[in-house]
Amino acid sequence: MLQARTPPHSHPGSLEPVPPENLPTFHPGRAGSSVIVCPMQVERKAAESCGRPVPVIQCGIGRDAIDRAFARIDVLRDRPRHVVLFGIGGGLREPCDRETAWVIDRVVDAATGSSVHSPTARLAPPKSTTTVGHADTIIATPADRVAFADRTGASLVDMECWAFAQAASARGMAWTIVRGVSDGPLDEMPIEVLDLVDADGNPKVAAAAAAVLKSPSLGARLMALQSRSTRALARAQALLTHMLDAVDGSPVACSIEHPALIMGGTFDPPHRRHLGMLIEASHALSASSAIIVPAAANPLKDAHAAPPAVRWEMLQAALRDPGMPRTSASIMSSSCELERGGPSYTIDTLRTLLPLIPGSAEHGPRAVRLLIGSDALMQLDRWRDWRAILDLARPAVVLRPPHTQDEVRSWLAEFSERYALGDTTDWLLPLAPVDLSSTGLRAALGRGERPEGILPAVAEIIERHRLYRA
């Protein structure tokens, strides 16, 4: 009897993070993971001691500093999919008083009145979220704080949030803002603090000493501010750790510009080209998340598959392979079809997964793409509820031999005209044809060969379970 671990049985279609040794439904680290941006040195030191091996970039205060931070992110070898702005903010009204800490759910630009919601704030602990307003100068006095809060509807203020949210969104990156509150609604912020930090966010010790000599009362105020900041950052550390861990197990919000990509298949067995096709399609579409869904049984194919639990085990092994290319998309796998059992119908899978993908309902079918081969495309009108599928997601098609680009474009044009579907030209992806099939690999394995497309960890599972033998 085959012995294999069964897929997780939580909520059907759930995408929960579990340790790698427990056959994860998510694979942290495959997407370049996270990076933290901190304006000031004291914030950077707090972020670096949060207990997570996440790179931290110190950039300085203000909009221009955020631009510099993202210029550094853009040249990282492993581009992150998630970026966090971490540090100190000013409280405008209750409950955002001094020495509290918050995850930002909405950012407001005071200059324009525009606002944007954080794609990750839903993962924050209960009663830990608030709105922050972006200012280009310090909001120093209690009266100024009241006026700013009334104008923006914000409860916190900082000098980086709007530029940060815009830069991350433009790159298709999930973003989080975590702020500790150094000064509350009734506090008066020393406006001199901006002169005591250099362009990179480092303290100007000599300038601070000179300022204190000139105004001894400033020294006491700066020391009090430093103490409050230290305590606020300690509280913010706990939220930072929570958000890093939570985002590592969650799909990133999708949009038309950065869609969620869903790839189904029997994966019997999974091979290098499966993974390569997924990564290449993620790059081509600038996808936010890529979700792999192994089928229990494909109703349009012969059902001579390896047992579902073994196919799941092989897929997890393939996704853990250290040679898997990196991508900015969040790579995840879902056991929803295996848990459901029976024939695997795409419409059922979409109805299960889409409620778990932020932005899918808001942005419509062009924000969710189904990665399929051209052979499957040409059977689309045989799929169950295929029109309902197109109301939820749009195909992202990869060529399969012997089809050519011209043949598939011609087929799409005729198909679109026949069913009055409108423009289908963006369905076909500009990728190399997929010429490695699981069918051929099974045949080679049955002959006792070791095909090059099989990853070593997958080959070990095949050998252990004596799969595909004639």
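The values are calculated or read from the model by the stated rules, or taken from the named source; none is laboratory data. Source: prediction; values computed, not measured. Methodologically, a virtual Cβ is constructed for each residue, glycine included, from the backbone with ideal geometry; neighbour enumeration extends over all protein chains shown.
Considering the stretch 115-129, and only residues there that are in a loop (DSSP other than H, G, I, E, B), out of contact with any helix residue (DSSP H, G or I) (no Cβ under 8 Å at 6 or more places or on another chain) and surrounded by fewer than 20 Cβ atoms within 10 Å (Cβ to Cβ), the residue that is modelled with the highest pLDDT turns out to be Lys127. If we scan the stretch 179-192, do we find a residue that is free of Cβ contacts under 8 Å to residues at least 60 places away in the same chain and either surrounded by 19 or more Cβ atoms within 10 Å (Cβ to Cβ) or touching a Leu at 6+ places or on another chain (Cβ under 8 Å) (or both)? Within the stretch 179-192, one or more residues are free of Cβ contacts under 8 Å to residues at least 60 places away in the same chain and either surrounded by 19 or more Cβ atoms within 10 Å (Cβ to Cβ) or touching a Leu at 6+ places or on another chain (Cβ under 8 Å) (or both). Filter the stretch 186-203 for residues that are hydrophobic (A, V, I, L, M, F, W, C) and part of a helix (DSSP H, G or I) and give the result. If the condition is that a residue be hydrophobic (A, V, I, L, M, F, W, C) and part of a helix (DSSP H, G or I), then Ile191, Val193, Leu194, Leu196 are the ones that fit.
Do the conditions hold for Leu421, that is, is it over 16 Å from Glu280 (Cβ atoms) and hydrophobic (A, V, I, L, M, F, W, C)? So Leu421 fits the description; yes. Counting only residues that are outside any loop (DSSP other than H, G, I, E, B), of a type outside the set (A, V, I, L, M) and either modelled with pLDDT of 85 or more or more than 28 Å from Arg311 (Cα to Cα) (or both), the stretch 413-445 holds 10 of them. Determine which single condition Ala135 fails, assuming it passes every other condition in (1) closer than 30 Å to Ala246 by Cα; (2) at pLDDT below 95; (3) buried (at least 17 other Cβ atoms within 10 Å of the Cβ). Every condition holds for Ala135 apart from (2). For the stretch 215-268, a tally of residues being outside any helix (DSSP H, G or I), surrounded by fewer than 17 Cβ atoms within 10 Å (Cβ to Cβ) and among the charged types (D, E, K, R) returns 1.
Residues checked against (1) under 21 Å from Cys59 (Cβ atoms); (2) among the acidic types (Asp, Glu); (3) in contact with a helix residue (DSSP H, G or I) (Cβ under 9 Å, 6 or more places away or on another chain); (4) in the same structural domain as Ala236 (by TED's automatic domain parsing):
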position	(1), (2), (3), (4)
Gly90	yes, no, yes, yes
Glu94	no, yes, no, yes
Val108	no, no, yes, yes
Thr131	no, no, yes, yes
Pro142	no, no, no, yes
Gly153	no, no, no, yes
Ser182	yes, no, yes, yes
Pro203	yes, no, yes, yes
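The residue list Val35, Val108, Val54, Val132 contains one member that is more than 21 Å from Val181 (Cβ to Cβ) and assigned to a strand (DSSP E or B), which is Val35. Could you tell me whether any residue of the stretch 172-185 is more than 24 Å from the chain's Cα centre (by Cα), not in a loop (DSSP other than H, G, I, E, B) and not polar (S, T, N, Q)? For the stretch 172-185, residues more than 24 Å from the chain's Cα centre (by Cα), not in a loop (DSSP other than H, G, I, E, B) and not polar (S, T, N, Q): present. Since His274 meets every condition but one in (1) farther than 30 Å from Ile138 by Cβ; (2) over 33 Å from the mean Cα position of the chain (by Cα), which condition does it not meet? For His274, the failing item is (2). Counting the residues of the stretch 389-423 that are hydroxyl-bearing (Ser, Thr, Tyr), touching a Ser or Thr at 6+ places or on another chain (Cβ under 9 Å) and in contact (Cβ under 8 Å) with a residue 24 or more places away in the chain gives 0. If the condition is being part of a loop (DSSP other than H, G, I, E, B), surrounded by fewer than 19 Cβ atoms within 10 Å (Cβ to Cβ) and modelled with pLDDT of 95 or more, then the stretch 138-171 contributes only Gly153.
Among the residues of the stretch 331-366, the ones that are outside any loop (DSSP other than H, G, I, E, B), under 21 Å from Leu275 (Cβ atoms) and either touching a Pro at 6+ places or on another chain (Cβ under 6 Å) or assigned by TED's automatic domain parsing to the domain that holds Arg77 (or both) come to 2 in all.
Arg384 meets all of the listed conditions (1) surrounded by fewer than 16 Cβ atoms within 10 Å (Cβ to Cβ); (2) touching a Leu at 6+ places or on another chain (Cβ under 7 Å) but one, namely (2).
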